[in-house]
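*Asks:* Just passing along the structure, written as structure tokens.
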Amino acid sequence: MKILLVGSGGREHAIARALHSDASVTELFIAPGNPATAALGTNLALNDILDGEAVAALAVRHEVDLVVVGPEAPLVAGVADHVRAAGIPVFGPSGDAARLEGSKAFAKEIMALAQVPTAMAHVCTTLDQVEAAFDAFGAPYVVKDDGLAAGKGVVVTNDRGEARAHAEACLAKNHEDAPQVVIEEFLDGPEVSLFCICDGKRVIPLEPAQDFKRAYDANEGPNTGGMGSYSPLAWAPEGLVDDVVARVAQPVVDLMAKRGTPFVGLLYCGLALTSRGLRVVEFNVRFGDPETQVVLPRLKTPLGQLLLAAATGSLPKAKLDWTKQGAVAVVLAAHGYPAFVRTGDAIEGIAAAESVPGAHVIQAGTAIRDGKLVAQGGRVLAVVGVGEGISGARETAYQALRAITLEGSHFRTDIAAGME
């Protein structure tokens, strides 16, 4: 089959690697792609990934059998609707269904209707309401931008002034509807990411992963889009995946179908295992980054066939096939990330890193300038190690990472430490 993958980041590079290894995928197009995806398929020019008509036109022109939309922004913008209108199967929810990520307030509404366990929350439209919510929940304060924020719209802090400032900034943003911000109770306990493949009716879970949101070691510094991840989770409670499907993913998919907005695509369940039990932190409507980088290398079931089955409403009942090896991804971030990011610095040593057995490099924020690979974004790349257990995978990832040079860059040294 021919597949068009939309996007240009690390998530899309990881997806492209998995699709490239699927023997049923005869041609892979990536729009616009990045320097690394060009080695896995054909990069296509696409000026605006939010332009649904342009994406659909590319799919028709290249006679693809499936379109896979990677990032959240085009999904929320309704790109999948244009592709479906052109008669081509697409892995990715409609614009209406993508509101599960596009609006935190909408997600809370759906969770309440589906009786999904989640944090108590207030949706606030004024600073007075924000202050009242702070009083009700106390510290630590959890403030979430209602809309998309590239993984950096959440502030968790004991500093009420910082929390209020973030809430004020969220309310000041322009929204189609009235500005709003979500204030939640703080959830204790470890967090887990679980991806669920959905065909509008059925749900098939992938294996869980855990990512590291804070910028620096020991979970210090501001929230980021993710500084590393690992899978599997040896410490996760037995039956966790089945529990999440039964209590979270399947009820949401059932409710979305009843509402006339069936969910077809990837439902990302961000979870907290609290002292009071399982709670949903958030929903995303696409593969998460950097968790995708460690989940897909462990998946033995062909990804292209799985995504096509979901897009055509025919997910198999058989369980997926997984390797028993562990995978660890460590993100290399550019100078200044997650604040002001410096671009243009040369990247060297990727070939040496990938010569380490069990290691590969996922490019995210890279570009070619004057024939050289340079940093183009905040999270520049992720080095992935696959090996025996988490400790073996972790050793591989860090060994490979040491071969790469990028002036002013930084990475966490404690990704997956002690998680065997």
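Conditions tested, residue by residue: (1) more than 30 Å from LEU406 (Cα to Cα); (2) surrounded by 19 or more Cβ atoms within 10 Å (Cβ to Cβ).
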{"site": "ASP254", "(1), (2)": "yes, no"}
{"site": "LEU271", "(1), (2)": "yes, yes"}
{"site": "GLY277", "(1), (2)": "yes, no"}
{"site": "ASN284", "(1), (2)": "yes, yes"}
{"site": "THR323", "(1), (2)": "yes, no"}
{"site": "SER355", "(1), (2)": "no, no"}
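*Asks:* Say we look at segment 99-120 and pick out the residues that are open to solvent by 40 Å² or more (accessible area, probe 1.4 Å) and among the aliphatic types (A, V, I, L, M); which of these is modelled with the lowest pLDDT?
*Replies:* MET120
*Asks:* Within segment 313-355, which residues are among the β-branched types (Val, Ile, Thr) and farther than 21 Å from ALA16 by Cβ?
*Replies:* VAL341, THR343 - these are the residues of segment 313-355 that are among the β-branched types (Val, Ile, Thr) and farther than 21 Å from ALA16 by Cβ.
*Asks:* Filter segment 22-47 for residues that are under 15 Å from ALA364 (Cβ atoms) and in contact with a His (Cβ under 7 Å, 6 or more places away or on another chain); which is surrounded by the fewest Cβ atoms within 10 Å (Cβ to Cβ)?
*Replies:* Applying the filter and picking the extreme gives LEU40.
*Asks:* Name the pairs whose Cβ atoms lie under 8 Å apart, with the first residue in segment 6-25 and farther than 16 Å from GLU291 by Cα, the second open to solvent by 20 Å² or more (accessible area, probe 1.4 Å) and among the charged types (D, E, K, R), and 6 or more positions between them or separate chains?
*Replies:* From segment 6-25, the pairs are VAL25/LYS2.
*Asks:* I'm checking my understanding of the structure. Among residues of segment 179-222 that are open to solvent by less than 40 Å² (accessible area, probe 1.4 Å) and at pLDDT below 95, which one is farthest from ALA249 (Cα to Cα)?
*Replies:* Checked segment 179-222; the qualifying residue farthest from ALA249 (Cα to Cα) is GLY221.
*Asks:* Give the number of residues within segment 373-420 that are assigned to a loop (DSSP other than H, G, I, E, B), open to solvent by 30 Å² or more (accessible area, probe 1.4 Å) and not charged (D, E, K, R).
*Replies:* Here the count works out to 9.
*Asks:* Taking the options PRO262, PRO237, PRO251, name whichever one is assigned to a loop (DSSP other than H, G, I, E, B) and touching a helix residue (DSSP H, G or I) at 6+ places or on another chain (Cβ under 7 Å).
*Replies:* PRO262
Every residue, every condition in (1) touching a residue at least 24 places away in the same chain (Cβ under 8 Å); (2) in contact with a strand residue (DSSP E or B) (Cβ under 7 Å, 6 or more places away or on another chain), yes or no:
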{"site": "ALA59", "(1), (2)": "yes, yes"}
{"site": "GLY87", "(1), (2)": "no, no"}
{"site": "PHE91", "(1), (2)": "yes, yes"}
{"site": "HIS122", "(1), (2)": "yes, yes"}
{"site": "THR126", "(1), (2)": "yes, no"}
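The values are calculated or read from the model by the stated rules, or taken from the named source; none is laboratory data. Everything numeric in this text was worked out from a predicted model, so none of it was measured. Don't worry about glycine lacking a Cβ; one is built from the backbone with ideal geometry, like all the others, and counts go over all protein chains shown. Only protein heavy atoms, including side chains, enter the accessible area calculation; ligands, DNA and RNA are left aside. Shrake-Rupley method; radii C 1.70, N 1.55, O 1.52, S 1.80 Å.
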